[in-house]
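The values are calculated or read from the model by the stated rules, or taken from the named source; none is laboratory data. From a predicted model like this one, the values you see are computed outputs, not experimental measurements. Please note: Cβ atoms are built from the backbone with ideal geometry, for glycine as well, and neighbour counts cover all protein chains shown.
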Amino acid sequence: MSPCPPSAVEVIGHQWWWEYKYPDLGITTANEMHVPVGKPVQVAITSADVIHSFWAPVLGGKRDAIPGHVNYIAFRADSVGDYSGQCAEFCGASHGNMRLRVLVDRDSAFQGWVEDQKGGPAVPPKSSLAEQGKTVYSRSACIGCHTIQGVSPGIIGPNLTHVGSRTTIAAGLFPNDSAHLARWIADAPSLKPGSLMTRMQPPLTDADIAALVAYLQSLR
């Protein structure tokens, strides 16, 4: 991908979620894009697999996300708010479930988000359920697909370093609460057809899932 100017965001479409990189800030996140209110943002858009289309209707037109090619769109959001969007190019079984959100923050809130995202993952307290969950994460297939800074280097699925700070999971399909996160971990394809996050074999126990949920929710 070509270099981006300051205040730019790189968008990478995946089946069926969105990856966001802020190259000048050293931040990688997923599905929820944060931008400061009243400031121009240039978005560079590509795809890791098939053709997608990035579309946040209130903020601008559609731009295709094409493997091996970069398209651009620029916008300035003049009102703080939560702006919904959607992949607008049929891309497979869960095309209709490939949502996105652009969260337009006041400058102070955006700077606070940046500082939080640039920090490392939270360290769970000793002997806590979250610490047990970190152990479950580290011995499971999770580490092969996901990045948690300093814990695992996976690149297939979304970066989870600060997943607990996101308001939704599964590309905006469900709220990021313990009940939905547990169901997602247990059997993602039953909630999102075609999901590449298959059921673990052997399946995690209910106790393992509860601990893993506690760990992931601690990553703010």
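Over 13 Å from Ala8 (Cβ atoms) and in contact (Cβ under 8 Å) with a residue 24 or more places away in the chain, is that true of Ala44?
Details: over 13 Å from Ala8 (Cβ atoms): no; in contact (Cβ under 8 Å) with a residue 24 or more places away in the chain: yes.
Spelling it out, it is not the case that Ala44 is over 13 Å from Ala8 (Cβ atoms) and in contact (Cβ under 8 Å) with a residue 24 or more places away in the chain.
Give me a count of the residues in segment 164-220 that are surrounded by fewer than 18 Cβ atoms within 10 Å (Cβ to Cβ), under 16 Å from Cys142 (Cα atoms) and of a type in the set (Val, Ile, Thr).
2
Taking segment 91-111, which residues are in contact with a Pro (Cβ under 9 Å, 6 or more places away or on another chain), surrounded by fewer than 19 Cβ atoms within 10 Å (Cβ to Cβ) and aliphatic (A, V, I, L, M)?
Ala93, Ala109 - these are the residues of segment 91-111 that are in contact with a Pro (Cβ under 9 Å, 6 or more places away or on another chain), surrounded by fewer than 19 Cβ atoms within 10 Å (Cβ to Cβ) and aliphatic (A, V, I, L, M).
Just to be sure before I move on: is Gly157 among the small types (Gly, Ala, Ser), in contact with a strand residue (DSSP E or B) (Cβ under 9 Å, 6 or more places away or on another chain), at negative phi and not assigned by TED's automatic domain parsing to the domain that holds Thr28 in the structure I sent? Spell out how you get there, then give the answer.
Details: among the small types (Gly, Ala, Ser): yes; in contact with a strand residue (DSSP E or B) (Cβ under 9 Å, 6 or more places away or on another chain): yes; at negative phi: yes; not assigned by TED's automatic domain parsing to the domain that holds Thr28: yes.
In short, yes.
Sort through Ala130, Ala141 and tell me the only one that's crowded, with 18+ Cβ neighbours inside 10 Å and closer than 19 Å to Asp206 by Cα. Break it down into steps so the answer makes sense when it comes.
On the way: Ala141 fails: crowded, with 18+ Cβ neighbours inside 10 Å.
Ala130 is the lone residue from the list that is crowded, with 18+ Cβ neighbours inside 10 Å and closer than 19 Å to Asp206 by Cα.
Condition first: in contact (Cβ under 8 Å) with a residue 24 or more places away in the chain, more than 28 Å from Leu196 (Cβ to Cβ) and part of a strand (DSSP E or B). Now tell me which residues in segment 78-124 satisfy that.
Val104, Asp105
What tally of residues in segment 143-175 results from selecting those that are hydroxyl-bearing (Ser, Thr, Tyr), touching an Asp or Glu at 6+ places or on another chain (Cβ under 9 Å) and in a loop (DSSP other than H, G, I, E, B)? If you could, list the steps in order and put the result at the bottom.
Taking segment 143-175 as the starting set, the residues that turn out to be hydroxyl-bearing (Ser, Thr, Tyr) are 147, 152, 161, 165, 167-168.
Now restrict to residues that are touching an Asp or Glu at 6+ places or on another chain (Cβ under 9 Å): 165, 167-168.
Checking the rest, the ones that are also in a loop (DSSP other than H, G, I, E, B) come to 167.
Selection size over segment 143-175: 1.
I'd like to check something: does segment 20-33 contain any residue that is surrounded by fewer than 18 Cβ atoms within 10 Å (Cβ to Cβ), of a type in the set (Asp, Glu) and in contact with a strand residue (DSSP E or B) (Cβ under 8 Å, 6 or more places away or on another chain)? Full working, then the answer.
Applying the first criterion (surrounded by fewer than 18 Cβ atoms within 10 Å (Cβ to Cβ)) to segment 20-33 yields 23-26.
Next, only the ones that are of a type in the set (Asp, Glu) stay: 24.
Narrowing further to those that are in contact with a strand residue (DSSP E or B) (Cβ under 8 Å, 6 or more places away or on another chain): 24.
Yes, that holds for at least one residue.
State which residue is surrounded by the most Cβ atoms within 10 Å (Cβ to Cβ) when the search covers only segment 144-163 and only residues that are in contact with a helix residue (DSSP H, G or I) (Cβ under 9 Å, 6 or more places away or on another chain) and over 17 Å from Trp17 (Cβ atoms).
Residue satisfying both the conditions and the ranking: Val151.
Whether any residue in segment 126-139 is touching a strand residue (DSSP E or B) at 6+ places or on another chain (Cβ under 8 Å), assigned to a helix (DSSP H, G or I) and either within 22 Å of Lys21 (Cα to Cα) or without any contact (Cβ under 8 Å) to a residue 40 or more places away in the chain (or both) is what I want to check. First the steps, then the outcome.
To start, the set of residues in segment 126-139 that are touching a strand residue (DSSP E or B) at 6+ places or on another chain (Cβ under 8 Å) comprises 137-138.
Of the ones still in play, those that are also assigned to a helix (DSSP H, G or I) are 137-138.
Those still in the list that are either within 22 Å of Lys21 (Cα to Cα) or without any contact (Cβ under 8 Å) to a residue 40 or more places away in the chain (or both) too: 138.
Yes, some residue in segment 126-139 is touching a strand residue (DSSP E or B) at 6+ places or on another chain (Cβ under 8 Å), assigned to a helix (DSSP H, G or I) and either within 22 Å of Lys21 (Cα to Cα) or without any contact (Cβ under 8 Å) to a residue 40 or more places away in the chain (or both).
Can you confirm whether Ala182 is over 22 Å from Ala48 (Cβ atoms), assigned to a helix (DSSP H, G or I) and without any contact (Cβ under 8 Å) to a residue 24 or more places away in the chain?
no
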